[in-house]
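Everything on this sheet refers to the single structure shown next.
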Amino acid sequence: MDPVAALNRIAFLLEGAQAPGYRARAFRTAAAAVSALPDGEAAARAAAGTLESVKGLGPKTAAVVREALDGQVPEYLARLEAELEESLRTAGPTRGGEALRAALRGDCHLHSDWSDGGATIEDMGRAAAGLGHEWAVLTDHSPRLTVARGLSAERLVEQLDVVARLNEEWAPFRLLTGIECDILEDGSLDQEPELLDRLDLVVGSVHSKLRMDGNAMTRRLERAVRNPLMDVLGHCTGRLVAGGRLRPESEFDAERVFAACAESGTAVEINSRPERLDPPRRLLRLAVAAGAYVAVDTDAHAPGQLEWQILGCARAEECGVPEDRVINTWPAERLSEWTRA
């Protein structure tokens with residue numbers, strides 16, 4: 001077994017299981033270190049017992065390399081694969097979502113280490129392509145979210161150049177330009193309009209004052225979704241239902257907000273992160289009844305989290321979202337035409 005592939009697969013599985021970020025990074029660092037060695041050196045060091053002296057390798061990662069070079073499936077990798085298989089077997093009969101997932105062509109919401117993601121733009125793009133996506137949208141945070149290293153106008157322009165260079169190498173896969181833009185308290189968007197207009201897709205999300213008065217939140221969201229520069233309303237209630245902290249839903253008039261989404265052509269996101277699964281089912285059904293478009297997104301902050309899309313697909317199927325209203329099922333050309341319109 002190729003040791004670099006084994007190390008990267010372990011990192012991918014750890015990210016999908018929401019293990020602490022440093023664990024996945026350790027295996028990705030080790031994969032890069034082994035990949036940089038001259039041909040045959042990893043095997044020679046394994047035989048001599050000196051793998052741990054390579055910068056970026058420690059006892060656990062070196063053990064994976066040795067086992068892979070010996071022709072074995074590394075024990076740690078086998079255990080993670082078994083845990084994944086068991087979790088899928090347990091959830092399989094009731095989870096669903098496979099039919100819609102097969103129809104998806106891309107993901108409208110993912111982050112890189114340019115803001116608060118844990119992997120490079122290159123790693124996120126390659127992982128999306130490896131899952132069979134035709135396209136994905138890079139949506140790092142906007143400047144107001146300083147805790148997430150949101151992109152200033154200058155950094156966003158720099159990122160656009162990076163994405164353009166990568167797309168020259170990656171065709172036919174396309175990494176679309178985007179942003180997760182903070183919806184400010186008055187409903188305006190946290191980035192220069194001229195820059196937002198250059199992007200392929202804009203996700204707008206509330207990250208502050210989530211407990212504001214329901215009437216004020218309704219006005220805030222209505223103004224945002226009617227902004228012609230905004231394309232997707234991200235994790236609309238802001239709730240957290242699992243993980244280290246819980247957070248209740250923001251209060252707002254969902255029927256009014258989703259009607260505004262339908263009228264203005266702004267999609268409602270099904271956020272597939274296990275700790276969000278936002279919107280709740282009752283609100284998702286209201287969005288369907290309003291006739292709004294839907295985006296099934298991962299909000300991935302690491303490559304392994306891109307597989308979470310199946311969770312959002314299951315909720316979409318359960319709540320009767322028509323496949324032809326899911327913007328992720330469109331080719332990139334149609335998506336770009338829609339955001340421009």
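Summed over segment 210-252, the residues that are more than 20 Å from LEU277 (Cα to Cα) and open to solvent by 10 Å² or more (accessible area, probe 1.4 Å) give a count of 12.
Here ASP113 passes the criteria (1) closer than 30 Å to SER188 by Cβ; (2) open to solvent by 60 Å² or more (accessible area, probe 1.4 Å); (3) in contact with a helix residue (DSSP H, G or I) (Cβ under 9 Å, 6 or more places away or on another chain); (4) in a helix (DSSP H, G or I) except the one numbered (4). Whether a residue is part of a loop (DSSP other than H, G, I, E, B) and without any contact (Cβ under 8 Å) to a residue 12 or more places away in the chain was assessed, and ARG245 passes this test.
Would you be able to say whether some residue in segment 263-285 is closer than 30 Å to ASN167 by Cβ, open to solvent by 40 Å² or more (accessible area, probe 1.4 Å), of a type in the set (Ser, Thr, Tyr) and at pLDDT 95 or above? Yes - at least one qualifying residue is present in segment 263-285. Condition first: without any contact (Cβ under 8 Å) to a residue 24 or more places away in the chain, open to solvent by 60 Å² or more (accessible area, probe 1.4 Å) and not in a helix (DSSP H, G or I). Can you find one or more residues in segment 50-61 that meet it? Yes: one or more hits.
In segment 89-108 there is no residue that is in contact with a Lys or Arg (Cβ under 7 Å, 6 or more places away or on another chain), of a type outside the set (Gly, Ala, Ser) and either modelled with pLDDT of 95 or more or assigned to a helix (DSSP H, G or I) (or both). Candidates are the residues of segment 117-147 that are without any contact (Cβ under 8 Å) to a residue 40 or more places away in the chain and farther than 25 Å from ALA5 by Cβ; the one that is least open to solvent (accessible area, probe 1.4 Å) is THR146.
Okay, residues lined up against (1) basic (Lys, Arg); (2) surrounded by fewer than 20 Cβ atoms within 10 Å (Cβ to Cβ); (3) assigned to a loop (DSSP other than H, G, I, E, B); (4) under 21 Å from the mean Cα position of the chain (by Cα):
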{"site": "LEU151", "(1), (2), (3), (4)": "no, no, yes, yes"}
{"site": "LEU156", "(1), (2), (3), (4)": "no, no, no, yes"}
{"site": "VAL162", "(1), (2), (3), (4)": "no, yes, no, yes"}
{"site": "ASN167", "(1), (2), (3), (4)": "no, yes, no, yes"}
{"site": "LEU176", "(1), (2), (3), (4)": "no, no, no, yes"}
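The values are calculated or read from the model by the stated rules, or taken from the named source; none is laboratory data. Just so it is clear, the structure is predicted and the values come from calculations on it, not from any experiment. A quick note on method: Cβ atoms are made from the backbone with ideal geometry, for glycine too, and the neighbour counts reach across all protein chains shown. Remember, those area values only see protein heavy atoms, side chains included, never the ligands or the DNA or RNA. Shrake-Rupley method; radii C 1.70, N 1.55, O 1.52, S 1.80 Å.
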